[in-house]
Amino acid sequence: MAFAHCTPFSLSSSPKLFNNPQKILRSLNVNHISPHSTSISTGSLPNSRTPRLLMANERETSAEIETSVIEKQPQTTRFEIFPGNSTPLGAVARDGGVNFAIFSENSVSATLCLITLSDFQQNIITEQISLDPLINKTRDTWHVFLKGNFDDMLYGYKFDGPYMPEKGHYYDSSRIILDPYAKAVISRGNYGELGPEGNCWPQMAGMIPSPNDEFDWQEDRHLEHPQRELIIYETHVRGFTMHESSRTECPGTYLGMIEKLDHLKELGINCLELMPCHEFNELEYYSYNSAVGDYKMNFWGYSTINYFSPMIRYASSGIRNCGREAINEFKLLVREAHKRDIEVIMDVVFNHTAEGNEKGPIFSFRGTDNRVFYMLAPQGQFYNYSGCGNTFNCNHDVVSQFIVDSLKYWVTEMHVDGFRFDLASILTRSNSLWNAENVYVSTAEGGMLTTGTPLGVPPVLEMISNDPVLRRVKLIAEAWDCGGLYQVGVFPHWGIWSEWNGKYRDMVRLFIKGTDGFAGAFAECLCGSPNLYKDGGRRPWHSINFVCAHDGFTLADLVTYNDKNNLANGENNEDGENHNNSWNCGQEGEPASISVKKLRKRQMRNFFLTLMVSQGVPMIYMGDEYGHTKGGNNNSYCHDNDINYFRWDKKEAASSDFFRFCHLMTKFRSECESLGLNEFPTSERLQWHGHLPDRPDWSETSRFVAFTLKDLVKGEMYVAFNTSHLPANVTLPDRPGYQWEPLVDTSKPTPFDFFSDDVPQRERAIQQYRHFLEANFYPMLSYSSIILLLKPDVDADA
C-alpha cells in the first residue's frame, strides 16, 4: 500500500484522488430515444444533485424462481425473456441462454442494459429490459434469464431508489452501473489513453459470457509447493517488461511477462507475486506533473474497480472480443509460469475501491448498494481505515460472500495459487449496519461493538479459512491498516494465514546498518520470528521475510540514501515514509567515492544473504537482483516511466556481479534442507556463537551474531554477521577430523564473494584461507557476513 495514501483515520477525509473533476468525475446519464435505442451522454457531478426519496417501496417474492420456468415475459426484438434465477450472482451462460443476477437491497427498480460493442463505442444503449419486482426479484436479488444472440454484447444495470447521501444512498436511475460480478470490464482499450473528450472515467460495461468461452489449460494443475520452500518475487506486470531494453514483442503486458519468465527461473524463483491485476483505472490520478514534465498515473494499481476482471489494459489484445482474449492472456501467463514450476499469487485490495469517498465517482458498488458495500457512519460519512476515502464493508454477510466468490473464481477459473491481502487488518474490522441512532452493531461474539472494532473471529476470514478450495492456497496478510491497527504476529490465522513480517524488515535493516541494541532481535529474525509466531501455534513459514517491497526504498536505494527523495512525485517531498532505517554508507546519493560504492555493494550482499539464511519465506522485490534504483523515491506509485521499469540492460550488466551473487544464494538456499524448516530450530540443530565459540553476545552494544546450523544435505554450516565499523577476528567452533571451508564472504569482490564451482582457480583461492582455517580462525572485515561449510579434513587422515 502506498505510504502516500495512508492518512490518519477520519470520517470525512478526502484524499486527492481526482485531480481534474471536470473531466474525471463526469457521470453518464441516459436520455430516452426509443424502447431499444438510448444514447449515453455526460451529466452532472454526483454530489451536485438534489437529494430525493422515492415513495415506492421495495417488493420481494417469497420463493426462488428457477430458470426452467416456461412462462415468458414480454419480449424484445432481440431476446426471449424468462424470470431467471437469483443464483449464482453475475452473468452466467447456461441452458442455452444467459442468467443475470445482481444483489441490491435498497433499490426499488432495476433495468438490465444490453449494449453491443459497436453501440458502446458510440454511447448508445442497444436494449433495455425493465425488471418486474414481482417476477424478477427474490428477496434482495434482481434476476432475469435471456435467450438470443449475445455476440459482441456488453451489459450493465440502472437502479432507482433513494438518493440521500446522509443516509448512505446514492441511487441514480440515469447511470449505467457495472455489475460487481462482471468477469471482464470494458471501457478504454489502451493503457494510458484518455476516453472521449479527454474523459478519464468513461462508461464501463461488463462482458456477457458465452458457453463457447474456452481455454486450453494443457492439463495444468496448481503446483501446491510447500510454503516453507517458496522464494517469492514481487513484481509489476507493466513495469517488468515496459522498458525498451526488455526487447519483448508485447512490452508491458501479460504476454511480455511470459517472455521473461525464464529470468525468474534462472534467479531461483518459484513463486511470482503480482501487484494488483484486478481491473483498475490507471488514469485515476491523471494530472500534469511539472516535476517530471509528464502526467501522474495510478501505476501500482491499488484502487480496484472490479474484483473478477483482470486488468484489461495489461493485455496486448485490450478490449478485443469483449475482453475474452485478455482473460485468456492472464490464463496463459499462469499456465506458462506453472510449466516453469513457478506459482502465481495475486496482490488483492479488498480494503477499499476506486469509488473513493462521497466526492468520488459512482460506477459499481456505490450505485448498486452503497450501504452494503461500504463502512458508513450514521450520517452517511465514509469510514476511512484505508486512507483512500472509503473502507470496504468486508464483514457484512453479503460482502463476505462476494469476497469469497471472487477468490474462488481466481483459484478455480484462473488457476492462481494464492493471494496477498493489501491492508488485511481491515478484513478483521466489524461491519457497519447504518443504524442512524448510534454506531453500535450486534456481533456473534456477544455484546455490542462500535463499527470498525477489530474482531477476534472475523466472519470473512473464517469463511475463507474454512472454505475447502481457499484453505489449500497461499493466504498472506499485510497485517496492518491506515487506521492504526497493527497485527503482525497476532493476525487471525486458523493455522494457514502467513504475514508480511514488517518487524523482520525493520529489525534486519537496523542491525545490518550497525545500530546498537538489535543483536537479539536480529537472531529472532534468523529463526523465523518465534517471538511473534510460536506461541500462536504457527510455524516459521508463516513469516514472509522481506527487506524491500514496492513500498519504500529499493535495495540499492536503501544503502544509498538516508532520506527520501520524492520530489518527482510533485508533492514537495511531503509524501512517503520518513523513517526508512536506511544508511547511505557515508555519502548521500548515487555519486560517491569508490570506497563508498564498494561498501554499498557489500551491504546489498549482506541483506540478501540474511534473507536467504533466515527461517521463513524470503520475498525479493523486482529489480533488487541487479540493484535497481528509483533515485531515492520511496513512494513511486504515480510513475509510468523508468523509475518503475525493470532495466534489462542493467540486469545484463550485473549478470556477473550482484545478479550472480543473488542467483547463487537462492540456489544454495534451495539445496539446503535446514533453511526452510517446518518447525522453529532448537539447540539440537542450531547453536549461537560470538567472537568465540558458544559465547554469543546479546548485549546492547553487540554488532556480531553467528550461528552453526546442521544440514542433512550440506552438513554443518557456520554463518556470521559483523555489522561493526571495525573488523573482527573470529574463532571458529572446533570440529575434530573436519575443517571449515569458505563458501561466501560478502567483503570479497566478485567472483570471490561466492566460491561456486566455476570460480577461476577456485582451489588456489581457497588455499589462501588455509592457514587461518587450520587454526579455527577467520578474519572478518567490517560490515560483512560469511558462510563456511564443514568438510572432512583430508590432511588429518594422512
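The values are calculated or read from the model by the stated rules, or taken from the named source; none is laboratory data. This one's a predicted model, so the numbers in the text were calculated from it and none came from an experiment. Every residue, glycine as well, gets a Cβ built from its backbone with ideal geometry; the counts of neighbours run over all protein chains shown. With ligands, DNA and RNA removed, areas are computed over all heavy atoms of the protein, side chains included. Shrake-Rupley method; radii C 1.70, N 1.55, O 1.52, S 1.80 Å.
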ask   = So for segment 356-515: antiparallel DSSP bridges make up what percent, rounded to the nearest 5?
value = 50 percent
request  = Check the straight Cα-Cα distances from Lys791 and name the lysines below 23 Å, setting aside those fewer than 8 residues away within the same chain.
outcome  = Lys667, Lys710, Lys714, Lys748
Theoretical FRET efficiency, 1/(1+(r/R0)^6), r = Cβ-Cβ of Arg247 and Gln587, R0 35 Å, to 0.05 = 0.50
request  = Return the percentage of antiparallel bridges among DSSP beta bridges fully within segment 227-362, rounded to the nearest 5 %.
outcome  = 40 percent
ask   = Antiparallel DSSP bridges in the chain: what percent, to the nearest 5?
value = 75 percent
inquiry  = Starting from the Kirkwood Rh over alpha-carbon pairs, what translational D in µm² s⁻¹ does segment 726-798 have by Stokes-Einstein at 4 °C and 1.567 mPa s?
reply    = 101 µm²/s
request  = Give the shape of segment 187-303 as rounded, prolate or oblate, defined through the alpha-carbon gyration tensor: a ≥ b ≥ c are the square roots of its eigenvalues, a/c under 1.5 means rounded, and otherwise the shape is prolate if a/b is larger than b/c and oblate if not.
outcome  = oblate
query = Considering only Met717, Trp688, Ser784, whose Cα is most displaced toward the positive end of the charge dipole of segment 647-798, charges sitting on Cβ of Lys, Arg (+1) and Asp, Glu (-1)?
reply = Ser784
ask   = Averaged per residue, what accessible area in Å² does segment 523-600 show with a 1.4 Å probe, protein chains only?
value = 40 Å²
query = Which GluC sites (Glu not before Pro) in segment 656-695 pass both tests, a DSSP loop state and at most 10 other beta-carbon atoms within 10 Å?
reply = Glu684
note = Using eta = 1.567 mPa s and T = 4 °C, Stokes-Einstein with Kirkwood Rh from Cα pairs puts D for segment 734-774, in µm² s⁻¹, at 118 µm²/s
note = At 20 °C in a medium of viscosity 1.002 mPa s, segment 197-256 has a Stokes-Einstein diffusion coefficient, with Rh taken as the Kirkwood radius over alpha carbon pairs, in µm² per second, of 131 µm²/s
remark   = Looks like segment 533-666, by Cα gyration tensor root eigenvalues a ≥ b ≥ c and the a/c under 1.5 rounded cutoff (else prolate when a/b is bigger than b/c, oblate otherwise), is oblate
query = Out of every Cα pair in segment 603-666, what percent are spaced more than 13 Å from each other?
reply = 66 percent
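Using the Cβ atoms and a cut-off under 13 Å, what net charge is assigned to the surroundings of Met207, where Lys and Arg are +1 and Asp and Glu are -1?
Details: positive: Lys183, Arg320, Arg324; negative: Asp151, Asp152, Asp179, Asp213, Glu279, Glu325.
With Lys, Arg at +1 and Asp, Glu at -1, the neighbours total -3.
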remark   = Ignoring ligands and nucleic acids, Trp688 exposes an accessible area, probe 1.4 Å, in Å² to the nearest 10, of 60 Å²
query = Against the longest principal axis of the chain, how steep is helix 594-613, in degrees 0 to 90 to the nearest 10, with axes from Cα atoms?
reply = 70 degrees
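Given 0.36 nm per residue, what is the gain on full extension from Glu214 to Val713 after removing their alpha carbon distance, in nm?
175.1 nm
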request  = Compute the projected area of the convex hull of the Cα atoms of segment 312-425, averaged over all viewing directions, and report it in nm² to one decimal place.
outcome  = 8.4 nm²
key: Computed [θ] at 222 nm, deg cm²/dmol, the chain (DSSP H ≥ 4; -39,500 (n - 2.57); rounded to nearest 500)   = -5500 deg cm²/dmol
Residues of type lysines that Lys359 reaches as a straight line, Cα spacing below 24 Å, ignoring anything fewer than 8 places off in the same chain = Lys16, Lys23, Lys158, Lys167, Lys296
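Please list the three semi-axes, largest first and in whole Å, of the ellipsoid equivalent to segment 666-798, using sqrt of 5 times the eigenvalues of its alpha carbon gyration tensor. Display every interim value, and only then the final one.
Working: eigenvalues 91, 72, 54 Å².
Listed largest to smallest, the semi-axes of segment 666-798 are 21, 19, 16 Å.
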task = Evaluate Rg over Rh across segment 247-352, taking Cα atoms for both radii and Kirkwood's formula for Rh.
result = 1.00
request  = Quick one: angle between helix 397-412 and the longest Cα principal axis of the chain, in degrees between 0 and 90, rounded to 10, please.
outcome  = 60 degrees
task = Calculate, in nm to one decimal, what Asp657 and Arg471 gain on full extension: separation in residues at 0.36 nm each, minus their alpha carbon distance.
result = 62.9 nm
inquiry  = Restricting to DSSP loop positions (anything but H, G, I, E, B) with no more than 15 other Cβ atoms inside 10 Å of their own Cβ, which trypsin sites (Lys or Arg not before Pro) remain in segment 118-198?
reply    = Arg139
Debye intensity ratio in log₁₀ form over the Cα atoms of segment 534-604, taken at each q of 0.12, 0.13 Å⁻¹ = -0.44, -0.50
message = With every atom except the alpha carbons ignored, what do you get for Rg and Dmax of segment 480-578, in angstroms?
response = 15.5, 46
request  = Run the dipole for segment 121-231 about the Cα centre, Lys and Arg Cβ at +1, Asp and Glu Cβ at -1, nothing else charged, and hand back the magnitude in debye, nearest 20.
outcome  = 480 debye
key: the chain - Rg (one decimal) and Dmax (whole number), Cα, Å   = 28.5, 101
note = Loop-resident GluC sites (Glu not before Pro) in segment 167-273 with no more than 16 other Cβ atoms inside 10 Å, DSSP not H/G/I/E/B, are Glu193, Glu214, Glu219, Glu224, Glu249
query = If each Cα of segment 74-212 is one equal point scatterer, what is log10 of I(q)/I(0) from the Debye formula at q = 0.19, 0.20 Å⁻¹?
reply = -1.14, -1.24
task = First compute the accessible area of the chain with a 1.4 Å probe, then give the percent of it belonging to carbon and sulfur atoms.
result = 49 percent
query = Taking a ≥ b ≥ c as the square roots of the eigenvalues of the Cα gyration tensor of segment 122-203, is the shape rounded (a/c under 1.5), prolate (a/b larger than b/c) or oblate?
reply = oblate
Counted charge near Gly97, where neighbours are those whose Cβ lies closer than 11 Å (Asp, Glu -1; Lys, Arg +1) = 0
request  = Give me the number: length gained by fully extending Arg221 to Glu574, i.e. 0.36 nm times residue separation minus the C-alpha to C-alpha distance, one decimal in nm.
outcome  = 122.4 nm
query = To the nearest 10 degrees, how steeply does helix 658-671 sit against the main Cα axis of the chain, on a 0 to 90 scale?
reply = 90 degrees
query = Taking a probe of 1.4 Å, how large is the accessible area per residue of segment 659-798, in Å²?
reply = 47 Å²
ask   = Which of the aspartates and glutamates could a cross-linker span from Lys564 if the Cα-Cα distance has to be under 15 Å and same-chain partners fewer than 8 positions apart are dropped?
value = Asp551, Glu574, Asp575, Glu577, Glu588, Glu590
request  = Please work out how much accessible surface Asp793 shows to a 1.4 Å probe, ignoring ligands, DNA and RNA, in Å² rounded to 10.
outcome  = 30 Å²
